Amino acid sequence: MHIHTMMNSPLTLVGILERACRYFPEVEIVSRTPGNIIHRCTWKSLYHRAHRLAECLQAAGLKKGDRVATLMWNHYAHLEAHFGVPASGGVLHALNLRLHPDEIVYIANHGQDRFLIVDDVLLPVLEKVKSKVKFERIFIVSHCGETKHKHEDYEAWLKQSSGNYHFPAIDEQDGATMCFTSGTTGNPKGVLYSHRALVLHTMAQCMADSCGISQRDSILMASSMFHVNGWGLAFSAAMVGAKLVLPGPFLDANNLLDLITREAVSVSCAVPTIWLAVLAEMERRGANWRPERDVRILCGGTAAPESLLRGMDRHGMRLIHSWGMTETSPQATVSYLKSSMDPWSDQDKYTQRAKQGYPLPFIETRLANANGIAPWDGKTIGELEVRGPWVAASYYNAPETQDRWTIDGWFRTGDMALIDPDGCVRLVDRSKDMVKSGGEWISSVDVENELMGHPAVREAAVIAVPHEKWQERPLAVVVLREGEKTTPEELREFLGKKFARWQLPDDVVFVDELPHTSTGKLLKAELRRKYSAWQWQ
């Protein structure tokens, strides 16, 4: 006999959207639009517009599971799509507007996107791809009054809704959103997120030992909404009824600091590259400059150097180190200090905070290497494997990639890591970015982060370059701070305080800027290509 214990209420984004409207109707959503105008609305008005969007999509023939693509910056209309599309039974597919046109074409076609909503300022991007994609209808969100196009107007389309519409029944295992990995090797691969996965991720993200998000917060989303569901913060803001601030395309330090000050921001998120620029601007404003409210910053994408953690602390901004991937929705671990660490020295606390941290509840981690499952001893390196309710079980429509999952159902991340005896994860490198010199492994990330602690260095990359005797040796590629000077010898001497001689870069190249992916990660592959024939002295 089957005994019913609890109600079977589906965990869906619709529940989060309805809660925001019911309990926090007047809380603001502030956008800096692509037209550089500050637009203000509320969770109540956002709910009604998302409701209209869902009705219009159904009237246009959308069937459950159909993909609706967006090509938009972070602003109110993109937020409407993040809720309205999944609420209609469709799947939101936010296209990465910074990708090469050929990649956008591949992703839109592989995702089988039916409809597209696009910012008028991004029509030039659309022009480059539209002859090769199969969108049935294209809707333009007008920010700058751009009228030279043959597509439908988004606002006029929403006005066709009756308002007498009920969201369809949605199962929590139905698809809600879709993102593609940045294809560093081979074609990008799609991840289809279920409503259930996103709701559980949202609840974990709001926990005190995660991002600690509450109704009192004002959240600035400086990570793109087309990058792994905007790191989930839009859903978290809606669930707790927090104020949400969306910066549009204006991600430079001055604009971000203007919004942080003007909108009393207390939480933000972005990759370290963004915060390095913000820190430089705050230091230009003065050693004691800080916003009125202390700011907690979810930081991931690449490891944040300890020097960045220290620098941001001085200005009242606390970086919370996190690790995740497109395949983990994205947040899987978060770095915090346990109560037992309170007596530790400042240095030991910073060393701990620079690690990727502890898995969120329900996320499991382990390490695998040539000897099998590796011990948690803080010394043994292995490939990080993860599993949990918001970890992908497969890639969308890509059966040839099934080897990324183990027989017993763990996802192979491709990240090399150590795990401390207490379960704290520290990434050592991407497996392909490790330097293997004379049979010994060197972590490029460790050397980079130490280099960025040098007062003259703004950014650094360390790559493996072929070497006749040692197979590979590390080469450092360095961007200096404005007006600063240093030499390769001085930098090697600086690194020598922490690393053995064989771990030091054999040479240093000074450049004006480093190449980055569309999501702000260092493009090591490009650097390896550029310096593959480097002549060692």
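Only one of the numbered conditions (1) closer than 22 Å to Asp217 by Cβ; (2) out of contact with any Phe, Trp or Tyr (no Cβ under 8 Å at 6 or more places or on another chain) is violated by Ala280, and that is (1).
The residues of the range 22-49 that are in contact with a helix residue (DSSP H, G or I) (Cβ under 8 Å, 6 or more places away or on another chain), within 24 Å of Ile140 (Cβ to Cβ) and among the hydrophobic types (A, V, I, L, M, F, W, C), listed by number, are Ile29, Val30, Cys41, Leu46. Can you find even one residue in the range 247-268 that is closer than 23 Å to Val68 by Cβ and within 15 Å of the chain's Cα centre (by Cα)? Among the residues of the range 247-268, not one is closer than 23 Å to Val68 by Cβ and within 15 Å of the chain's Cα centre (by Cα), which makes the answer no.
Pairing residues of the range 245-267 that are closer than 23 Å to Val141 by Cα with residues that are acidic (Asp, Glu) and modelled with pLDDT of 95 or more, at Cβ distances under 7 Å and at least 6 apart in sequence or on separate chains, gives Val245/Glu263.
Scanning the range 84-99 for residues that are farther than 19 Å from Glu136 by Cα and under 19 Å from the mean Cα position of the chain (by Cα) yields a count of 4.
Val465 fulfils the conditions (1) closer than 29 Å to Arg310 by Cα; (2) out of contact with any helix residue (DSSP H, G or I) (no Cβ under 6 Å at 6 or more places or on another chain) except for a single criterion, (1). Of all residues in the range 123-152, which are surrounded by fewer than 22 Cβ atoms within 10 Å (Cβ to Cβ), in contact with a Pro (Cβ under 9 Å, 6 or more places away or on another chain) and touching a residue at least 60 places away in the same chain (Cβ under 8 Å)? Answer for the range 123-152, where residues must be surrounded by fewer than 22 Cβ atoms within 10 Å (Cβ to Cβ), in contact with a Pro (Cβ under 9 Å, 6 or more places away or on another chain) and touching a residue at least 60 places away in the same chain (Cβ under 8 Å): just Cys144. Scanning the range 390-400 for residues that are of a type outside the set (Ser, Thr, Tyr) and touching a Ser or Thr at 6+ places or on another chain (Cβ under 9 Å) yields Trp390, Val391, Ala392. Close contacts from the range 499-518, counting a first residue that is modelled with pLDDT under 90 and a second that is acidic (Asp, Glu), with Cβ to Cβ under 8 Å and a gap of 6+ residues or different chains, come to Phe499/Asp446; Phe499/Glu450; Trp502/Glu440. Scan the range 450-469 and tell me whether some residue there is touching a strand residue (DSSP E or B) at 6+ places or on another chain (Cβ under 8 Å), at pLDDT 90 or above and in a helix (DSSP H, G or I). Checked against the condition, which is being touching a strand residue (DSSP E or B) at 6+ places or on another chain (Cβ under 8 Å), at pLDDT 90 or above and in a helix (DSSP H, G or I), the range 450-469 yields at least one hit.
The values are calculated or read from the model by the stated rules, or taken from the named source; none is laboratory data. In this text, all values refer to a predicted model and were calculated from it rather than measured experimentally. Note: ideal-geometry Cβ built from the backbone for every residue, glycine included; neighbour counts use all protein chains shown.
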